[in-house]
Amino acid sequence: MSAVLAAARLHAGSRVLGAVRSSSSSGSAMAYSAKIGPSILSSDLSCLGSECVRMMECGADYLHLDVMDGHFVPNITFGHPMVECLRKSVGQDPFFDMHMMVSRPEQWVKPMAAAGANQYTFHLESTTNPGNLIKEIRDSGMKVGLAIKPGTTVEELAPWANHIDMALVMTVEPGFGGQKFMEDMMPKVSWLRNQFPSLDIEVDGGVGPDTIHKCAEAGANMIVSGSAVISSDNPRSVIALLRTAVAEAIQKRSLDR
Ligand code: DX5
Ligand code: ZN
């Protein structure tokens, strides 16, 4: 069985996001797999529940939900009451990755957990005490994601990498969907992949069929895609294309080791 086929079967067998963290770059197995998480920011927000269901039916591995407070970023989206309604609408299965583009991430940990969020991805730039926030998120029963904006170096994230489930390297300035992919963020992804071979690494912003190969080659395995998936006539094929690109890069990486 090819590694791609094996990865596809593994995907089919489980929608659970199992991050296995590693502190060393030597000798560890590839614990991560290709996962595609549509961002529903650019969907018809009046139909958010059915849009989420549609994305899952089109093969999404998880849903990336963008929370903006009009302060950390110059835009407002929705908060935990909406997440609670969405959870009721879509059922327990879909994994909600909350991208918290907010100035006081500490404030929303418990409400988001209660609303049914699975992962709480906060921005390193938004807090003075990441260690405490990571603990609060875990104590609330959620996984931990840590995001950096384009202007933040990956070295600033590195001290926390063994304490989180996922690192998010932003490939646009957060705040809006439909922006141009920043290819110059790829060295951050490569560096993280080399340093933390088993870490889930997510990219977000301007990712679609034209830019996925850069992300995959650099070592990203969790792919957020908004407008490229949502506005496509065939979201299923876009999601499949994105996943295949990442699965092939993972296979190549494992053969090169
Ligand atoms: C931007 C958001 C992204 C965005 C992605 O601040 O975090 O999740 O919606 O959308 P596209 O893929 O259209 O850039
Ligand atoms: Zn996002």
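Within region 94-198, what whole-number % of the accessible surface is contributed by carbon and sulfur, with the 1.4 Å probe and all protein chains included in the calculation?
52
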**Counted charge near residue 115, where neighbours are those whose Cβ lies closer than 14 Å (Asp, Glu -1; Lys, Arg +1)** = +1
**Max mean-square fluctuation residue, GNM over the chain, Cα-Cα springs under 10 Å, options 96, 122, 176** = 176
**Asked** Given the pairs 88/180; 88/188; 135/180; 149/214; 35/149; 135/188, which span a C-alpha to C-alpha distance of over 29 angstrom in this model?
**Response** 88/180; 88/188; 135/180
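Per residue, how large is the accessible surface of the chain? Use a 1.4 angstrom probe and give square angstrom.
On the way: 10960 Å² over 257 residues.
Solvent-accessible surface per residue comes out at 43 Å².
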**Complete:** Karplus ³J(HN,Hα) for region 53-65 (6.51 cos²θ - 1.76 cosθ + 1.60, θ = phi - 60°; Hz, whole; x = Gly/Pro) runs 4, 4, 5, 5, 5, 8, x, 4, 8, 7, 10, 9, 10
**Message:** Whole angstrom only: what separates the Cα centroid of region 69-121 from the Cα centroid of region 135-201?
**Reply:** 18
**Request:** Rank 167, 205, 186 by how far each Cα sits towards the positive end of the charge dipole of region 35-256 (+1 on Lys, Arg Cβ; -1 on Asp, Glu Cβ) and give me just the farthest.
**Result:** 167
**Asked** For the chain, what is the percent of antiparallel DSSP beta bridges, rounded to the nearest 5?
**Response** 5
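Percent relative contact order of region 35-256, based on C-alpha pairs within less than 8 angstrom and at least six residues apart? If you can, show how the numbers build up before the last one.
Numbers: 434 pairs, mean separation 42.9, N = 222.
RCO, region 35-256: 19 percent.
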**Prompt:** At a probe radius of 1.4 Å, what is the per-residue accessible area of residue 152, in Å² to the nearest 10?
**Reply:** 10
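Going highest first, how would you order 133-139, 86-92 by mean Cβ packing within 10 Å? Can you show the working numbers first?
Working: 133-139: 18.0, 86-92: 14.9.
Ranking the peptides 133-139, 86-92 by packing returns 133-139, 86-92.
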**Asked** In whole Hz, what ³J(HN,Hα) sequence does region 223-239 give by Karplus (6.51, -1.76, 1.60; θ = phi - 60°), x for Gly and Pro?
**Response** 10, 8, 9, x, 4, 4, 8, 5, 8, 6, 5, 9, x, 4, 6, 5, 4
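Can you tell me, using C-alpha contacts under 8 Å and at least 6 residues apart, the relative contact order of region 45-113 as a whole percent? Spell out each step's value before the answer.
Details: 69 pairs, mean separation 27.2, N = 69.
Computed value for region 45-113: 39 percent relative contact order.
The values are calculated or read from the model by the stated rules, or taken from the named source; none is laboratory data. Quick caveat, the model's predicted, so the values are computed rather than measured. As a convention, Cβ positions derive from the backbone with ideal geometry for all residues, glycine included, and neighbour counts pool all protein chains shown. Please note that ligands, DNA and RNA were not included when accessible areas were found on the heavy atoms of the full protein model with its side chains. Shrake-Rupley method; radii C 1.70, N 1.55, O 1.52, S 1.80 Å.
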